[in-house]
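S.K.: Here's a structure for you.
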Amino acid sequence: MQYMLLIYGTDQAITQEVMEADMPAYNAFGEEARARNLMVGGEALHPVSTATTVRIRDGKPIATDGPFAETKEVLGGYYILNCKDLDEAIEMAGKLVVIGNSAVEIRPVVDFSQYA
């Protein structure tokens, strides 16, 4: 089953200092996920100040600047992994939470292939 690991942390720009401190650990995580044939994809996201949210108002889509919710922690990136079960997804998420004082939300990905 595929699981999305959503990485939450502070809304800081990716500085050279952050890159030097955290990227080796993220790279090691990616290498392990690929070596274990779990990696489907993943990317870092730009700061929340670049976000746009689309909602329906009066039957029309309206775009507004900013994230969908007020919060101190923001979604900073994600991985999609092909894990055998939730336990394996939790194991892999545990390797991410130690990087940069982040929190990681695990969400199963819906498989729509059975409806095609």
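A short reminder: the numbers here are calculations on the coordinates, not readings from a lab. This one's a predicted model, so the numbers in the text were calculated from it and none came from an experiment. So basically every Cβ, Gly included, is an ideal-geometry build from the backbone, and we count neighbours across all protein chains shown.
S.K.: Where nothing but the Cβ of Lys and Arg (+1) and of Asp and Glu (-1) is charged, how large is the charge dipole of the stretch 2-107 around its Cα centre, in debye to the nearest 20? Don't jump to the answer; show the numbers that get you there.
M.R.: Details: 9 positive and 16 negative charges, 84 e Å.
It works out to roughly 400 debye.
S.K.: Sticking with this one: Please arrange Ser113, Ser102 by how many other C-beta atoms lie within 10 Å of their C-beta, fewest to most.
M.R.: Details: Ser113 6, Ser102 18.
Ranking Ser113, Ser102 by Cβ neighbours within 10 Å, fewest first, gives Ser113, Ser102.
S.K.: Also, quick follow-up: Give the lysines reachable from Lys95 as a straight Cα distance under 18 Å; neighbours fewer than 8 places away on the same chain don't count.
M.R.: Lys84
S.K.: Hey, another quick one. Would you tally the net charge around Lys95, using a Cβ to Cβ cut-off of less than 12 Å, leaving Lys95 out, and scoring K and R as +1, D and E as -1? Mind showing how you got there, number by number?
M.R.: Values: positive: Arg36; negative: Glu31, Glu32, Glu88, Glu91.
Result for the neighbourhood of Lys95: -3.
S.K.: Let me ask something else about it. Please report the equivalent ellipsoid semi-axes of the stretch 2-107, computed as sqrt(5 x eigenvalue) of the Cα gyration tensor, largest first, in whole Å. Walk me through the intermediate numbers first.
M.R.: Details: eigenvalues 148, 68, 25 Å².
Square roots of five times the eigenvalues give 27, 18, 11 Å.
S.K.: Between Ile106 and Arg57, what length comes free when the chain is fully extended (0.36 nm per residue of separation minus the Cα-Cα distance, one decimal in nm)? Before the final figure, lay out each step's value.
M.R.: Details: separation 49, 0.36 × 49 = 17.64 nm, distance 3.04 nm.
Answer, rounded to one decimal: 14.6 nm.
S.K.: Which cross-chain or sequence-distant (5 or more) residues have an amide H under 5 Å from the amide H of Leu45, H modelled 1.01 Å from N in plane?
M.R.: Gly77
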